[in-house]
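Let me begin by presenting the structure, written as structure tokens, before commenting on it.
The values are calculated or read from the model by the stated rules, or taken from the named source; none is laboratory data. Owing to the predicted nature of the structure, the values given are computational and were not obtained by experimental measurement. Because the Cβ atoms are built from the backbone with ideal geometry, glycine has one as well, and the counts that use them run over all protein chains shown. The accessibility values were calculated without ligands, DNA or RNA, using every heavy atom of the protein model including side chains. Shrake-Rupley method; radii C 1.70, N 1.55, O 1.52, S 1.80 Å.
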Amino acid sequence: MSAPIILLKEGTEQQQGKRQILSNIQACQVVADSVRTTLGPRGLDKMIVDTRGKATISNDGATILKLLDIVFPAAKTLVDIAKSQDAEVGDGTTSVVVLAAELMKNAKPFIEDGVHPQIIIRAYRKAAQLAISKLNELAVKIEGAANQREMLIKCASTTLSSKLVNAERDFFAEMVVDAVSYLDERLPVNMIGIKKVSGGSITESRLIKGVAFKKAFSYAGFEMQPKEYAKPKIALLNIELELKAEKENAEIRIENVKDYQQIVDAEWTILYDKLQKIHDSGAKIVLSKLPIGDVATQWFADRDMFCAGRVTDDDLQRTMESCGGSILTTVSQISDEALARCDNFHEEQVGNERFNFFIGCTKACSCTLVLRGGAEQFIDETERSLHDAIMIVRRARKNDSVVAGGGAIDMELSRHIRDVARSIPGKEQLLLAAFARSFEIIPQQLCHNAGMDATDILNKLRHRHAKGEKWSGVDIQRETIADNMEACVWEPALVKTNAITAAAEAACLILSVDQTVKNPKS
């Protein structure tokens, strides 16, 4: 007998064949089970505690999967599609994971029966194209500015209905639409700032049409500075305006007190020279990324100027993008174009914090959401919920086509693919039917999470859609079936398109992997 040929290093783990594909499908099922119960308005939240003991309470699929430390290689694909859905459209992260897992679950019996994975993949890709072309055909385009605003509010409201702020969704939906409507046509997300202030009621949250941030660290003399200006010029600096103890930076040998005094005077002269140049530029407000010391603070206060040091990079950047000007690293020559401008500046108390408000920005439209609430985890989850709603409203503004949510569009696509499958001979018919059946997981899971009889509701939905009632979906509030287009449970068509594409791609990718080789640690 010839000796066995060893290709891989000792300790390498490898699995291959049918068992490997089934094992990958099993792992993906477990991942989907971890977020399945968060779907829909009656979905439950998950609490994830990290190694430092910080608890995160959320029902956002992408957030949960990001915090779960998943090590199984194939299951990480589901984390990636949730992240891509979150980055692309902002919502539907749980739906995409649940749908992908269901597509794999329905492919499992075919793999066990020996059907080649490539046949399944080919059929799934065809079914995904059928679903997307039908979806584009069904999508309702909203015309007119007044109708569009109403549509955006309904889309934001549908997104927020499954979040922790469900009770106040009408209040926040209006706020989110106002925030996005205030931006210019590029709708840049970074121009919407979100600030969190603990305490107070959630309905005390407010939208500021301008830049707002927490008062920076301040020295003595700050209270003497004016806290309100009309049409001020703003100097944005990346310069330290305080006296430095030079013993850390240099060694100077001196022989008499006079020489020492000259060195001290030189330091003060350098600082005063900088402050004078800032004052001569005409700036009334000075913001710096680096500290502004007590001498400078008092100097500015004597000249009726406002200053704030240690302003965070994000806030300084957003002020520059909104109010114009540029961040200066020297004060030797401050031109008028280098200064930012706004219509009004004032300082105001928000809860226990002092906030600086820059209203009426001259360069770009920017706004800030100031969120209030009790527990820190609650405000964090509100921020994540509003981020989803903002992304949805942005997408709906750019692609003003909507479909009915609550499982209505899923049941209609399921019916359509099933009808097409009947006209195709061979194995492909069974595979298309399996793909169609996968769509039913969305209304089914909505029913499970709301404590409703899923089998009964699904039978009724199949009957309604067979009769041609294309927008029939689950009515969670009344625990029955309703026309979700009329009930205003809307979501942008783009969310569904992206979810179907991502779920089908993930399922095909995992079904195509038949071997895993795990190298030993070096």
From 393, 350, grab the single residue that is in contact (Cβ under 8 Å) with a residue 12 or more places away in the chain and more than 28 Å from residue 479 (Cα to Cα). 350
For segment 199-210, check the following and say yes or no: at least one residue is among the charged types (D, E, K, R), open to solvent by 70 Å² or more (accessible area, probe 1.4 Å) and closer than 20 Å to residue 344 by Cα. yes
From the set of residues in segment 336-366 that are small (Gly, Ala, Ser) and out of contact with any Cys (no Cβ under 9 Å at 6 or more places or on another chain), which is most open to solvent (accessible area, probe 1.4 Å)? 351
Quick check, is residue 322 touching a Phe, Trp or Tyr at 6+ places or on another chain (Cβ under 8 Å) and either open to solvent by 20 Å² or more (accessible area, probe 1.4 Å) or over 26 Å from residue 221 (Cα atoms) (or both)? yes
Strands (runs of 3 or more DSSP E) (entirely within segment 409-522) containing at least 1 residues that are modelled with pLDDT under 90 and within 26 Å of the chain's Cα centre (by Cα): 490-492
Quick one: in segment 208-229, which of the residues that are among the hydroxyl-bearing types (Ser, Thr, Tyr) and more than 34 Å from the chain's Cα centre (by Cα) is nearest to residue 368 (Cα to Cα)? 229
Residue that is basic (Lys, Arg) and crowded, with 21+ Cβ neighbours inside 10 Å, where the choices are 460, 496: 496
Take the residues of segment 151-209 that are among the hydroxyl-bearing types (Ser, Thr, Tyr) and part of a loop (DSSP other than H, G, I, E, B): which is nearest to residue 484 (Cα to Cα)? 161
Can you report the number of residues in segment 115-149 which are over 22 Å from residue 401 (Cα atoms), part of a loop (DSSP other than H, G, I, E, B) and open to solvent by less than 30 Å² (accessible area, probe 1.4 Å)? 1
Could you go through segment 157-175 and let me know if any residue there is in contact with a Leu (Cβ under 7 Å, 6 or more places away or on another chain) and surrounded by fewer than 17 Cβ atoms within 10 Å (Cβ to Cβ). yes
Return the pair list, or none, for Cβ contacts closer than 9 Å from residues in segment 254-275 that are surrounded by 10 or more Cβ atoms within 10 Å (Cβ to Cβ) to residues that are among the β-branched types (Val, Ile, Thr) and part of a helix (DSSP H, G or I), at least 6 apart or on different chains. 254/263; 268/295; 271/295; 272/295; 275/295
Check on residue 348, among the charged types (D, E, K, R) and more than 20 Å from the chain's Cα centre (by Cα): yes
Check segment 88-99 and report whether any residue there is without any contact (Cβ under 8 Å) to a residue 24 or more places away in the chain and open to solvent by 50 Å² or more (accessible area, probe 1.4 Å). no
Within segment 422-456, can you find the residues that are in contact (Cβ under 8 Å) with a residue 40 or more places away in the chain and buried (at least 20 other Cβ atoms within 10 Å of the Cβ)? 431, 432, 434, 435, 436, 438, 439, 441, 442, 445, 446, 449
Return the only residue of 434, 482, 421, 466 being touching a strand residue (DSSP E or B) at 6+ places or on another chain (Cβ under 9 Å) and farther than 20 Å from residue 94 by Cα. 482
Answer with yes or no whether residue 202 is touching a residue at least 40 places away in the same chain (Cβ under 8 Å) and over 19 Å from residue 322 (Cα atoms). yes
Within segment 49-87, residues more than 26 Å from residue 23 (Cα to Cα), among the aliphatic types (A, V, I, L, M) and open to solvent by 30 Å² or more (accessible area, probe 1.4 Å) come out as 49, 57, 87
Taking segment 280-295 and keeping residues in contact with an Asp or Glu (Cβ under 6 Å, 6 or more places away or on another chain) and open to solvent by 60 Å² or more (accessible area, probe 1.4 Å) leaves 290
Of residues in segment 217-249 being small (Gly, Ala, Ser), open to solvent by less than 50 Å² (accessible area, probe 1.4 Å) and assigned to a loop (DSSP other than H, G, I, E, B), the one modelled with the lowest pLDDT: 218
